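Structure, as structure tokens:
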Amino acid sequence: MIVFEFQLRIQTVSDQLLADGEVKEQRIPLNIDTNMLKIGFLGGGKMAQALARGFIRAGLSKGEMMLASCLPNDIGSIETFKEMGSSTVFANATVIDYGDVLILSVKPQIVPKILPEFTREKVHDNKKLLISIAMGISLASLEKALPKDTPVIRVMPNTPALVGCGATVFARGRNASDKDAEITEKLFSAVGICEEVPENLIDPVTALASSGPAYIYMIIEAMADGGVKMGLTRSIAYKLAAQTVLGAGTMVRETNMHPGQLKDDVASPAGSTITGIHHLERHGLRSALIDAIEAATLRCKEVSLQTKED
């Protein structure tokens with residue numbers, strides 16, 4: 001049933017409301033059979049694993065259709081891909097040669113060491129699509145280092161893709177076609193929501209959506225601690241805190257109501273909720289979260305500058 005729901009969602013071509021209330025005029029028609037695509041991961045870390053599991057979970061790929069490059073001493077990643085039915089290799093060139101879609105999923109400082117292999121090993125095929133999820137590496141930097149006319153799309157996903165609840169945006173390079181964008185949107189829509197944005201919005205998206213799960217995990221942990229302090233068992237406190245966050249997020253998405261209005265609906269006059277809200281406001285919850293996203297965005301920009309200088 002879950003797979004069917006995901007497939008139904010990604011086949012829908014109807015307009016969707018964006019967060020700011022504007023309607024995207026035209027969705028990319030998602031009519032490419034990604035089951036036939038061979039996917040190569042250049043780097044087999046946590047994000048690559050989350051995406052691979054998400055693609056399988058959504059029924060868009062099979063383990064045997066994916067190949068990942070891992071370090072010889074990264075036993076954990078090798079075993080994880082093996083459990084999914086995927087093979088791993090130690091040579092990036094092998095992955096480049098194999099995949100129809102190549103997902104660059106390494107740390108930013110490793111990217112300059114991988115890109116030359118597209119040319120040096122003579123395994124490049126301009127029909128291959130390179131999707132980069134490396135933080136801070138601009139489209140211009142990628143295109144400059146790759147063979148001429150290489151189609152590149154820069155993607156920023158987050159780890160909840162593992163459970164089909166990812167929040168992803170992408171920006172296409174100058175050589176990326178509508179078909180390339182279609183493949184990208186179909187893959188990442190299969191593991192959550194996916195929107196195309198201008199590249200200059202990638203950094204704040206990273207700070208909000210990609211780093212955001214860590215903030216929410218801290219909030220869940222803190223809420224559960226509060227419950228434990230007031231007498232709940234640790235098990236029930238975590239379940240209630242996690243379900244509360246899930247439910248609140250779903251309410252915002254499904255009702256299209258402003259979060260402030262939903263908050264007001266819960267806060268009865270002289271009640272416990274407004275008392276708790278007052279306490280959070282007094283201790284700067286809003287400011288702390290805003291500052292966190294600002295700081296994370298600035299850090300993304302710093303990484304971008306460092307990679308350009310390198």
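Looking only at the stretch 242-274, residues that are in contact (Cβ under 8 Å) with a residue 12 or more places away in the chain and under 23 Å from the mean Cα position of the chain (by Cα) come to 5 in all. Could we say that A296 is under 24 Å from P108 (Cα atoms), under 19 Å from the mean Cα position of the chain (by Cα) and touching a residue at least 12 places away in the same chain (Cβ under 8 Å) here? Answer is yes for this residue.
Filtered by the rule that a residue be at pLDDT 90 or above and over 17 Å from the mean Cα position of the chain (by Cα), the stretch 117-138 gives a lone residue, L129.
Taking the stretch 90-194 as the region of interest, the helices (runs of 4 or more DSSP H) fully inside it that hold 1 or more residues being surrounded by fewer than 21 Cβ atoms within 10 Å (Cβ to Cβ) and touching a residue at least 40 places away in the same chain (Cβ under 8 Å) are 92-98, 111-114, 139-145, 178-189. For the stretch 255-270, filtered to residues that are aliphatic (A, V, I, L, M) and surrounded by 11 or more Cβ atoms within 10 Å (Cβ to Cβ), the residue that is farthest from E281 (Cα to Cα) is M257.
Quick grid of which residues meet (1) modelled with pLDDT of 95 or more; (2) surrounded by 12 or more Cβ atoms within 10 Å (Cβ to Cβ); (3) not basic (K, R):
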site	(1), (2), (3)
Y238	yes, yes, yes
S272	yes, no, yes
I277	yes, yes, yes
L285	yes, yes, yes
E309	no, no, yes
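The values are calculated or read from the model by the stated rules, or taken from the named source; none is laboratory data. Keep in mind it's a predicted model, so treat the numbers as computed, not measured. All Cβ positions, glycine included, derive from the backbone under ideal geometry; neighbour counts span all protein chains shown.
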